[in-house]
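Working notes, beginning with the structure itself.
The values are calculated or read from the model by the stated rules, or taken from the named source; none is laboratory data. These numbers come from a predicted model, not from an experiment. We place every Cβ from the backbone using ideal geometry, glycine too, and count neighbours over all the protein chains shown. Just the protein is used for accessible areas: all its heavy atoms, side chains included, with ligands, DNA and RNA removed. Shrake-Rupley method; radii C 1.70, N 1.55, O 1.52, S 1.80 Å.
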Amino acid sequence: MDKGKSGKANWDAVAHKIFLDICVEEVNANNRSDGHLSPIGYENMIRKFNERTNRNYVRKQFKNRWDLLKKEYNCWKTLNQKASGIGIDPVTRSIAATDEWWANEIQRNEIAAKFRYAPLVDEQRMSFIFDDHSVTNAYARVATPSSQVDASQINIEEGNEDGSGCELDVNQVTPTNVSSKGRKKRSCPYSPSPKMVQKAAKDSDDKMVFNRMVDLWERREISRNSATSQTNVDHVRDEIKEMTTMVVNDGGRPGSDVYFYALQLFTKKEHRDVFSALKDETASVRLEWIKRTWDLFMKKD
């Protein structure tokens, strides 16, 4: 029986899915505030979740779950921003970086270890739930045409006149303006050097070209995948891929014995049917089933 006020919540696959479903519903209803669900959002969460699961979870357990998933989502976003251009591992579907790269990232944030051999699950829904309030270690800039970069875009905030330099803003021309904090910005007392203007222009142009390349690549992939899916849909392969991802998420690291046991077992429909029926069980139950079934399979042979 799942514990409520007196114990730790059991976030199995069913509970996880229903939690995200309700989060999406409440965000759609504008019941999110200050990086969390609003009081009304949590009231709805408690009622809906316990009705749908017949459990007795309380607000603190939902808040802890929100905080944990948000940390995992932010970690995954930061890893992908740092790994721009590295690519995806075709087996694990995670970032195809070197062992040294991963070791450094895990040392910085232990949550990164969760994504060493598997990607973030439910990334699209988590993006919808958390993105407006997510903070990563990377900075996003909006590219602008290089022709907009000139001396009038160099600004300095009042109260920052200690000679530390001017702020180069490639997104907004503000000779005399008010910043988002209410402090006035005024023109810099000197013009930027040609090198500063040239560098800002180059950075903007490079990012515009990169964004266009990514957009074209995504469109090509969508078109190619759409054409492939219309002519050759392999449901068994997709089912095996989904189950293999679940094994990895359960702790069956690619290359391990249990990982290869699962690949062999999943070639038979009866094994896939049983494993599918275990989706609501814990990871340890599924992994133990793989090991025991493999032993029986080998004895038959």
>> Per residue, how large is the accessible surface of segment 42-96? Use a 1.4 angstrom probe and give square angstrom.
In response: 53
> How much net charge surrounds Gly255 when only the other residues with a Cβ under 14 Å from the Cβ of Gly255 are counted, with Lys and Arg +1 and Asp and Glu -1?
Replying inline: -1
> If you rank Ile290, Ile86 by how much accessible surface each has, with a 1.4 Å probe, what is the order from largest down?
Replying inline: Ile86, Ile290
>> Students often check this: by mean Cβ neighbours within 10 Å, which of 255-266, 90-101 ranks highest, and how do the rest follow?
In response: 255-266, 90-101
> For the cross-link pairs Lys48/Lys269; Lys77/Lys269; Lys48/Lys70; Lys17/Lys241; Lys48/Lys279; Lys241/Lys279, which exceed 26 Å when the distance is taken from alpha carbon to alpha carbon?
Replying inline: Lys48/Lys269; Lys77/Lys269
>> Could you compute the net charge surrounding Leu68? Neighbours are other residues with a C-beta less than 14 Å from the C-beta of Leu68; K and R count +1, D and E count -1.
In response: +3
> So, counting K/R as plus one and D/E as minus one, what does the shell of residues with Cβ under 11 Å around Asp21 add up to?
Replying inline: +1
> With labels modelled as points extended 7 Å from the Cα through the Cβ direction, what inter-label distance (nm, one decimal) is found for Ile40 paired with Glu242?
Replying inline: 3.5
